[in-house]
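Structure first, commentary second.
The values are calculated or read from the model by the stated rules, or taken from the named source; none is laboratory data. Predicted, not measured: the structure shown is a model, and the values here were computed from it. No Cβ is skipped: glycine too gets one built from the backbone with ideal geometry, and neighbour counts run over all protein chains shown.
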Amino acid sequence: MPDQTPQPVKRLADYRPWPFGLTETRLDVTLAPRGTVVRSELDLRPGATPEDLVLDGGAGLRLKTLEIDGRPVEPAQMRRDDETLTIAADALPRAPFTLSAEVEIDPEGNTAFEGLYLSGGIFCTQCEAEGFRHITFYPDRPDVMTTFRVTVRGDLPVLLSNGNPVRQEPGQAEWHDPWPKPAYLFALVAGDLVAVSDRFVTRSGRDVALNVWVRPGDQDRAGFAMESLIKSMRWDEDVYGREYDLDVFNIVAVDDFNMGAMENKGLNIFNSKLVLASPDTATDTDYERIEAVIAHEYFHNWTGNRITCRDWFQLCLKEGLTVFRDQQFTGDLRSAAVKRIEDVQVLRARQFREDQGPLAHPPRPDRYEEINNFYTATVYEKGAEVIGMLKRLVGDEGYARALDLYFDRHDGDAATIEDWLTVFEDATGRDLTQFARWYTDAGTPHLTMQEHWQDGTLTLDFAQTTPPTPGQPEKPARVIPIAVGLIGPNGDEILPTTVLEMTGDRQSFDFPGLGARPVVSVLRGFSAPVVLRREMDDATRAFLLAHDTDPFARWEAGRELALSALTDLAQGRDAGEGFIAAIGTLMSDEAADPAFRALCLALPGEEEIATRLADRGVTPDPQAIHAARGDLARRIAEAHRDALAALYTAMTVPGDYRPDAASAARRALRIAALGLLSRIDGGERAEVLFGTADNMTERMAALSVLVRLDRAQSALRLMAEEFAGNRLVMDKWFSVQVMAAPPDRAVAVAQTLAARKDFDWKNPNRFRALLGGLAANHAGFHAADGSGYAFTADWLARMDGANPQIAARMSTAFETWPRYDAGRRAHAVAALERIAALEGLSRNTREMVSRMIAAGR
Ligand code: B3K
Ligand code: ZN
């Protein structure tokens, strides 16, 4: 048979449908830690022209038997390499046939947590994107969809798979999933688990059994996840008209998981940190994230499962839309204004950073080596922003019509971005040819605005340009929805939010008939994911911070004030008075939502300051940035000592802890005040709060302050004693010590922690706590002597041997290296090259590291 060595680069342009049909998959799995036996039967239909049958299958599959319609396939008619099994066309019947295989796999030896693996005695699976090929030989691609019948055998109390239960008896369970699905949505879980259970009756009357499965003893921390699931099910019916479609919905929490959670049909598997919560172990942020991720995975049932992706290049079709939906959900349940600001902060911190560096790629990439490297902020968060822009352009009604059409037209399909855009064109009559560039072009557009005022007419001149990104030197103009409002000199709004549509490189908009020159509030609600540049003095920013009616624009005005002060300070210039005065007024404005005030009080992080400097062509100096931020915080505290102390007391939340938005908002403001006050009280309040708070939110906030001030020894000891048996709390304990450490000690702290017995580095949460904690300590990670880079590289190299997905993901700590000074750049490249030179380096990490190194060439 001809050689078919897999090509390293996969290209969208090479897409071709699978030449066979698959009508049903039957699996019979007999579980054993080192030798699980998987028997599969695939009902296949050959295409019109005879072709070899190529199935995906990893090197870890030990093939025992292979039969076609009950007859063994001759060895001469098949070919095996590390990634595929090929059966020659002339060995295949011309009519429908059944291919049966028996393979043996080793879940206990599976440290990559992809396919079937063991996590603390629980068998579980992760198949997206290409994990099913480590369970059996299969056409492991999202456009091959079929129904599944699964029998699970094993001496374990709980045996779960997708769909509806057919038969359950001791040691054996049979499941049937009537909804055709691709292999990436397959799941199996088995172990000693207990359920927190409830029911949900859908609006058409289907009675659904709901279970959140956890380890015995964890039931009292699973209630919030269940409440969140019920809210999600109701919201998707109310807002998108989407109902659940099986008799059961199972969620399982496991401790070893490569990411947050997975939307397997009817059997979501979650990282335990996104399920388990109690007031004394989880923070407000944890609660909000649990609610959002439970919703996200549940919403995938329609946007991802019922309508899936044709190929992995289309990943943002399901991820962008599902993120957009979970953002809407959180906005509806909590505060839409606060949620929008938080989402923009995440977008800027992660996606803008990605777009500005060597790993930039479009929301719909057209090439990849390892698809797991493309579960990125660009695919997820920018994918969601693009949908937000579409909605803004076609209006709420147009959006609702388009979504109804999408669900009607594509239910059961493996669809593409073109299908998605066509639905919007058909539902609204709009031509989206130019809009499609948001999907195909990488990079963040830079938008400049200039104002002209003459004879009662205000003219706004806009210009857009997008910097080059790897492989895309030139970028044509995009459609940019720019939401503006005008505010009169007395603070009254004279033009409510209006959306301008920019389509050219340069474009002007006139606002005639105005009595006096207004102040322009622009990019309201962050109406497009662009970097906006406009000349504005501090007085105008302070005016907008006081008067803008759009909460995002109001917050943004404060942010700009803070950033201009911090970038000046970091370059040795005196600054900050304007911000200190404006923030003083806002912090005590009782009419403003405490959550909003907390957001305004939190200074931009060091990474954000570095990004702003780099954006302005200045090489960031991490130590100077750290000092500038500390200095401004101290000056705010000195200027507003009494007001902050009053806030700290007033924002105490009476009664038992509740994770609702209003209580969380008060705690957030109280914590913001605590952080500032700690710059002048030596950490006294933090020490008291750590000892007295009845909830993890305040205890962690206090602990972080104490770590920063280097007086956390006894608090850390107490916490370690109290929570030695709680992995999730101990993850926080690891991460806060590195993240909040004084930068000159961060690497040493990380080294000490890494040497501890309980640094169980193969557990992704623990690894992320330590290495992600260091990466988040900007001046610590970017230590001038390269020690942060070297430490991280050592651990990436080690992790790559066990779990390539985690190593590759964590390697993004290096993605900003080109913007630093020559000394740091040399250390960073040396670290990356050391990883690249490793023998046996995974495809995942190799692709990431070589893309990052290429930026220096
Ligand atoms: N779809 C999964 C992510 C899978 C990641 C594979 N490396 C979770 C989510 O986005 O909902
Ligand atoms: Zn998702």
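Where helices (runs of 4 or more DSSP H) sit wholly within segment 735-817, those with at least 2 residues that are over 18 Å from the mean Cα position of the chain (by Cα) occupy 743-754, 778-781, 787-802. Taking the criterion of being touching a Pro at 6+ places or on another chain (Cβ under 6 Å) and within 12 Å of ligand 1 (Cβ to nearest atom), the only residue of segment 380-402 that qualifies is 383. Exactly one residue among 549, 540 is in a loop (DSSP other than H, G, I, E, B) and under 30 Å from residue 455 (Cβ atoms), and that residue is 549.
Could you list all residues from segment 644-657 that are surrounded by fewer than 14 Cβ atoms within 10 Å (Cβ to Cβ) and in a loop (DSSP other than H, G, I, E, B)? Don't jump to the end; show me each part of the working.
As a first pass, look at segment 644-657 and keep what is surrounded by fewer than 14 Cβ atoms within 10 Å (Cβ to Cβ): 649, 652, 654-656.
Within segment 644-657, 652, 654, 655, 656 qualify.
Against the definition (more than 15 Å from ligand 1 (Cβ to nearest atom) and either β-branched (Val, Ile, Thr) or assigned by TED's automatic domain parsing to the domain that holds residue 217 (or both)), how does residue 308 come out, yes or no? The answer is no for residue 308.
Scanning segment 678-700 for any residue that is more than 28 Å from residue 768 (Cα to Cα), in a helix (DSSP H, G or I), touching a residue at least 40 places away in the same chain (Cβ under 8 Å) and not charged (D, E, K, R) turns up at least one such residue.
Per the listing 617, 584, the residue uniquely surrounded by fewer than 16 Cβ atoms within 10 Å (Cβ to Cβ) and closer than 21 Å to residue 671 by Cβ is 584.
Counting only helices (runs of 4 or more DSSP H) wholly contained in segment 239-349, the ones carrying 1 or more residues that are within 16 Å of ligand 2 (Cβ to nearest atom) and buried (at least 22 other Cβ atoms within 10 Å of the Cβ) occupy 284-299, 315-333.
One residue is enough: does segment 491-501 have a residue meeting the conditions closer than 30 Å to residue 358 by Cβ and among the small types (Gly, Ala, Ser)? No - not one qualifying residue is present in segment 491-501. Using the structure shown, decide if residue 273 is in contact (Cβ under 8 Å) with a residue 24 or more places away in the chain and among the basic types (Lys, Arg). Answer is yes for this residue. Selection of segment 493-524 for residues being in contact (Cβ under 8 Å) with a residue 40 or more places away in the chain, over 33 Å from the mean Cα position of the chain (by Cα) and in a loop (DSSP other than H, G, I, E, B) yields 512, 513, 514, 515, 517, 518.
The rows are residues; the columns are (1) touching a Pro at 6+ places or on another chain (Cβ under 9 Å); (2) in a strand (DSSP E or B); (3) among the small types (Gly, Ala, Ser); (4) in contact (Cβ under 8 Å) with a residue 60 or more places away in the chain.
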{"residue": "33", "(1), (2), (3), (4)": "yes, no, no, yes"}
{"residue": "39", "(1), (2), (3), (4)": "no, yes, no, yes"}
{"residue": "59", "(1), (2), (3), (4)": "no, no, yes, no"}
{"residue": "64", "(1), (2), (3), (4)": "no, yes, no, no"}
{"residue": "94", "(1), (2), (3), (4)": "yes, no, no, no"}
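Of all the residues in segment 262-302, those that are away from ligand 1 (no atom under 16 Å from the Cβ) and more than 30 Å from residue 667 (Cα to Cα) number 0. Residue count for segment 52-99 satisfying the condition of being more than 13 Å from residue 42 (Cβ to Cβ) and among the acidic types (Asp, Glu): 6.
I need every pair where a residue in segment 283-310 that is of a type in the set (Asp, Glu) has its Cβ under 6 Å from the Cβ of a residue that is within 14 Å of ligand 2 (Cβ to nearest atom), sequence separation at least 6 or different chains. Close Cβ pairs satisfying both conditions: 297/261; 297/263; 297/268.
Taking segment 360-416 as the range and being within 15 Å of ligand 2 (Cβ to nearest atom), crowded, with 21+ Cβ neighbours inside 10 Å and not in a helix (DSSP H, G or I) as the test, the residues that pass are 363, 376. For segment 565-590, a residue qualifies if it is over 18 Å from residue 615 (Cα atoms) and in contact with a Gly (Cβ under 8 Å, 6 or more places away or on another chain), and the qualifying residues are 579, 582, 583, 586. Inspection of segment 812-833 identifies no residue that is in contact with a Lys or Arg (Cβ under 9 Å, 6 or more places away or on another chain), under 30 Å from residue 725 (Cα atoms) and either buried (at least 19 other Cβ atoms within 10 Å of the Cβ) or at pLDDT 95 or above (or both). Checking each residue in segment 228-261 for being within 15 Å of ligand 1 (Cβ to nearest atom) and touching an Asp or Glu at 6+ places or on another chain (Cβ under 6 Å) picks out 228, 261.
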